[in-house]
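Here you go, one structure.
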Amino acid sequence: MKKETNIGYIIFLFIILSIIGGILEILYMLVVRNKFVIGGFFHVPLRPIYGFGGLLLYILPINLKKNDFILFMSSFVVCSIFEYISSMFIEYVFDRVIWNYSNFIFNINGRICLIHSIIWGLLGLLFFHVVEPLTIKTYMFFKLGFKKKLSLSR
């Protein structure tokens, strides 16, 4: 499938990924803590950090996306670095600690940990094999639908 590069699609993808991130965090809290929590910086089921992280994956060179192991490792590394930098940014700019992995084994300064990095790798696979193709199809459906409506109204 052709890679969309127009700004409309990039914004659409960012919003979709931010919503998916919010839903994933709510489900994670239900499973891990057995309670319904809408936390995070905005206290809504919308997590821009997932949108930005997904856009970082979206711009990966195409040759990294041809092999699932390389794709997993690329997602693992890119998202872990992004999570670490985001944690530092949020703490220093907003004086808030939104996540802390200090209690997890194999963590680095409580900002990232092995289990979550593995999850990022798996989510990268899910993104490229399921979310991205569906998002492109949905975007094209709306884009073509709006064009058709505009041409009929003339």
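Could you work out, for the stretch 7-135, what percent of all Cα-Cα pairs fall into each 10 Å distance bin, beginning at 0 Å and stopping at the bin that holds the largest distance?
Once binned at 10 Å, the Cα pair distances of the stretch 7-135 give 13, 41, 37, 8, 0.
I'd like the FRET efficiency for L144 and D68, computed as 1/(1 + (r/R0)^6) with the beta carbon distance as r and R0 of 35 Å, rounded to 0.05.
FRET efficiency, L144 to D68: 0.65.
Counting other beta carbons within 10 Å of each residue's own, what order do F82, F127, F141 fall into, fewest first?
With the fewest neighbours first, F82, F127, F141 line up as F141, F82, F127.
Which ³J(HN,Hα) values, rounded to whole Hz and listed in residue order, are derived for the stretch 121-131 from phi using the Karplus coefficients 6.51, -1.76 and 1.60 in 6.51 cos²θ - 1.76 cosθ + 1.60 with θ = phi - 60°, glycine and proline given as x?
Values, residue by residue: x, 5, 5, x, 4, 4, 4, 6, 8, 10, 5 Hz.
Extending each Cα 7 Å along its Cβ direction at L56 and V130, get the distance between those two points in nm, one decimal.
In this crude spin-label approximation the distance works out to 2.2 nm.
Counting other Cβ atoms within 10 Å, keep those with at most 15, restrict to DSSP loop, and tell me which trypsin sites (Lys or Arg not before Pro) in the stretch 1-81 are left.
Passing both the DSSP loop test and the Cβ count: K2, K3, K35, K66.
Based solely on its DSSP helices, what 222 nm [θ] is calculated for the chain when runs of n ≥ 4 H residues each add -39,500 (n - 2.57) and the sum is averaged over all residues, nearest 500 deg cm²/dmol?
Only helices count here, giving -22000 deg cm²/dmol.
Related question: Net charge within 12 Å of S117 by Cβ-Cβ distance, Lys/Arg positive one each and Asp/Glu negative one each, not counting S117 itself?
Net of charged neighbours comes to 0.
Hey, another quick one. So what's the net charge close to G53: Lys and Arg +1, Asp and Glu -1, counting the other residues with Cβ under 10 Å from its Cβ?
0
Using modelled backbone amide H atoms (1.01 Å from N, in-plane), which distant-in-sequence or interchain residues come within less than 5 Å of L60's amide H?
none
Next up: Which net charge results when you count Lys and Arg as +1 and Asp and Glu as -1 among the other residues whose beta-carbon is under 13 Å from that of H129?
Residues close to H129 contribute a combined charge of 0.
Read-outs: derived from the displayed coordinates by stated rules, not from any lab. These numbers were taken from a predicted model, which means no experiment stands behind them. Using ideal geometry, Cβ is built from the backbone for each residue, glycine included, and neighbour counts are taken over all protein chains shown.
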